Each structure stands twice: as structure tokens, then as C-alpha cells.
1. Would you check which residues across region 71-120 are within 27 Å of Asn4 (Cα to Cα), outside any helix (DSSP H, G or I) and of a type in the set (A, V, I, L, M, F, W, C) and list them?
2. Considering each of Glu32, Glu53 in turn, give the residue that is over 14 Å from Ser10 (Cβ atoms), acidic (Asp, Glu) and loosely packed, with under 14 Cβ neighbours inside 10 Å.
3. Pairs needed: first member in region 91-111, exposed (fewer than 14 other Cβ atoms within 10 Å of the Cβ); second member anywhere, assigned to a helix (DSSP H, G or I) and not hydroxyl-bearing (Ser, Thr, Tyr); C-beta distance under 7 Å; at least 6 residues apart or different chains.
4. Are any of the residues in region 50-72 more than 14 Å from the chain's Cα centre (by Cα) and aromatic (Phe, Trp, Tyr)?
5. For Thr85, which of the numbered conditions (1) among the β-branched types (Val, Ile, Thr); (2) out of contact with any Phe, Trp or Tyr (no Cβ under 6 Å at 6 or more places or on another chain); (3) surrounded by 12 or more Cβ atoms within 10 Å (Cβ to Cβ) fails to hold?
6. Just need a number here: residues in region 20-38 that are assigned to a helix (DSSP H, G or I) and in contact (Cβ under 8 Å) with a residue 60 or more places away in the chain.
7. Name the residues in region 39-58 that are in contact with a helix residue (DSSP H, G or I) (Cβ under 8 Å, 6 or more places away or on another chain) and in a helix (DSSP H, G or I), would you?
Amino acid sequence: MPENPFDATSIKQVIFCALVMSAIDDEIHTKEWDVIQVFVKNYWKKEYGGFNEYKAKLIANLKVVLSNRAKLPEYMDKLLESLNTQLSGRQKSLLLELVGNVMAADNVMAIEESDLFAMFLKKLGIQPT
């Protein structure tokens, strides 16, 4: 198992970002969820509590966030600005790898996914070459 660079707060935020990426096209594809599950298996610690209990809160929060699509960019902007200052370089890399893998899991890249990934790059201070 990989070394875990996350604390309870940061891993929950990273997983939430991955779930937003999965749901941005109005469908959480099974293959996308599988990618998230592998990440959870690799980085979730027992001391964070039961993941299934957190998962229910995560889904409820996702529904609230996605219920007003017009405010989603503002919400993600604030979340990613906060993560940019809180996460280490390694954590940012793992976040980008996770959301990229989620985006690619179903072999379909919706424009919403592409736009959201570009937002991740910009807000986390990564300039594409």
C-alpha cells in the first residue's frame, strides 16, 4: 500500500473532488466509482472513521452542490483555491491523478469533464505546456 500523505480532512476533500468529476456529466459511471474505490482502499485510514458512513454524507453533499449547476463553478473555485493553499505538491499530484483517472475511466470525456479538469489545473497552479 502506498504511503499515505493525507489527513482526514484533506482525503475527504480530494474524494469529494473526484466524485464531482464523476457526476459532472450527470452520471456516476461504475468504472468511475471503481477508480474512486481504489483510491479509498489505498489512502483511507480506519482512524478517519468508516468510509461507508462518510460516503452517505458525501453523496448528500454532492446532490446539494449539483442541485444548482449555476453555482457549481463558484463552489469549485472556492474549494480548489482552498486546496491549493492546504495541499502539498504530492497531494495535488495525487488529486490530479485521481480526477484524471475518474475522467478517463468510462472512455468518454464529456466537455464538462474537460472544463472541470482545466479548472483543477488552473486553480492548483499547474500550467499546461
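The values are calculated or read from the model by the stated rules, or taken from the named source; none is laboratory data. As the structure is a computational prediction, the values presented were derived from the model and not from experiment. In this analysis, Cβ positions are derived from the backbone assuming ideal geometry, glycine residues included, and neighbour counts consider all displayed protein chains.
1. Matches in region 71-120: Leu87 only.
2. The unique qualifying residue is Glu53.
3. Partner pairs satisfying both residue conditions: Met109/Met103.
4. Among the residues of region 50-72, at least one is more than 14 Å from the chain's Cα centre (by Cα) and aromatic (Phe, Trp, Tyr), which makes the answer yes.
5. Going through (1) among the β-branched types (Val, Ile, Thr); (2) out of contact with any Phe, Trp or Tyr (no Cβ under 6 Å at 6 or more places or on another chain); (3) surrounded by 12 or more Cβ atoms within 10 Å (Cβ to Cβ) one by one, Thr85 breaks only (3).
6. 8
7. Selection gives Phe39, Val40, Tyr43, Glu47, Tyr48, Phe51, Tyr54, Leu58.
Residue-wise test of (1) touching a Ser or Thr at 6+ places or on another chain (Cβ under 8 Å); (2) at pLDDT 95 or above.
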{"residue": "Asp7", "(1), (2)": "no, no"}
{"residue": "Cys17", "(1), (2)": "no, yes"}
{"residue": "Ile24", "(1), (2)": "no, no"}
{"residue": "His29", "(1), (2)": "yes, no"}
{"residue": "Asn68", "(1), (2)": "no, no"}
